[in-house]
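First the structure, in the form of structure tokens, and then the observations on it.
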Amino acid sequence: MRGRRLRATMHMNDLRHLMPSRAALAFGAACAVLISSAAIAADLVPPAAPASDTKPVSQPDWTVSVAPYFWAAGMSGTVSSFGAPAVDVDMSFSDILSDLDFSVMLAGEARHGRFSLSTDLLFLKLSTKETTPYGIAASNVSFGSTVMEATALAGYSILDLSNARLDVVGGARLWSVRNELSFNGGFFNGRGFEDNATWVDAMGGLKGRFDLSDHVYLTGMALGGGGGSKFGWDLLGGVGYEFSDRISALAGYRAVGVDYQDGPFEFDTTIHGPIIGASFTF
């Protein structure tokens, strides 16, 4: 599924000259965190602890895990919106954090024996305001970006041992991005633009877990796919610690890439950085 809408209250050529480069960077930041989170969900809830027997077995009951997480990611690549020329971006996590208004990052997994269902939800809101050079066309320009991402994956354990588990997973990932640009003061006071893009990618890959001891484990995931975008991928590697059967923590590193373009709307980026999270099992 693809969808995009562009609404303008002034001529596009005016926007190309007035849109500050930082607004484009903020747009990149918004989408960056979005995409990054998109894949995170299924990873931050690692596969449940392997069976206690040395032979492959199935657990009789459903278990549900919920994992809030935080990703200190930076981004590099090319983005464009509002019909403006593409902008090369190279942003650190501190650059993104300075424009962040609000965010929610939450992952979940339900497992029954070898079968699993995992999901991720991300909501992100960023904004920035820039003063124009001369203040004639506008005294300042405000840019805002709202991002929502939802991922759903189904999995099956092709390896289920006492200290190791490997799942094959597949599903879909949805991105929806809304960008708003408004002019304050000057000749264009009160005029603004809105640019939307929504796309869905089919995704598939592997995720697994290997126990190093009764409490410490390694976890990782590799996904790839496309459909709405030309291609998307993400990789995660981390180490976790189980405080009990119900509570665990994870720290690791994640890298995510996506190449999406629809007319003048472009998002071709790589997002990467350290990630931490906690998982609660019921």
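Taken together, the residues in the stretch 195-207 that are of a type outside the set (D, E, K, R) and crowded, with 19+ Cβ neighbours inside 10 Å amount to 4. No other residue among S176, S182 is surrounded by fewer than 19 Cβ atoms within 10 Å (Cβ to Cβ) and in a strand (DSSP E or B) apart from S176. Residue under question is S103, and the condition is that it be among the polar types (S, T, N, Q), in a strand (DSSP E or B), modelled with pLDDT of 50 or more and surrounded by 19 or more Cβ atoms within 10 Å (Cβ to Cβ); does it hold? Taking the combined requirement at face value, the residue does not satisfy it. Counted as qualifying within the stretch 203-269 are the strands (runs of 3 or more DSSP E) with 1 or more residues that are more than 21 Å from E109 (Cβ to Cβ), within 17 Å of the chain's Cα centre (by Cα) and free of Cβ contacts under 8 Å to residues at least 24 places away in the same chain, namely 247-262. Evaluation of V169 against the conditions (1) modelled with pLDDT of 85 or more; (2) of a type in the set (V, I, T); (3) over 26 Å from G108 (Cβ atoms) shows that the sole unmet condition is (3).
Yes/no per residue for (1) crowded, with 18+ Cβ neighbours inside 10 Å; (2) at pLDDT below 90:
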{"residue": "G227", "(1), (2)": "no, no"}
{"residue": "K230", "(1), (2)": "no, no"}
{"residue": "S248", "(1), (2)": "yes, no"}
{"residue": "A255", "(1), (2)": "no, yes"}
{"residue": "H272", "(1), (2)": "yes, yes"}
{"residue": "F280", "(1), (2)": "no, no"}
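Screening the stretch 109-127 for residues that are surrounded by 19 or more Cβ atoms within 10 Å (Cβ to Cβ) and not aliphatic (A, V, I, L, M) and picking the one that is modelled with the lowest pLDDT gives D120.
Residues that are of a type in the set (S, T, Y) and part of a loop (DSSP other than H, G, I, E, B) were ranked within the stretch 72-100; the one that is nearest to the chain's Cα centre (by Cα) is S92.
The values are calculated or read from the model by the stated rules, or taken from the named source; none is laboratory data. Please read all numbers here as calculations on a predicted model, not as lab measurements. Glycine gets a Cβ as well: all are built from the backbone with ideal geometry, and neighbour counts include every protein chain shown.
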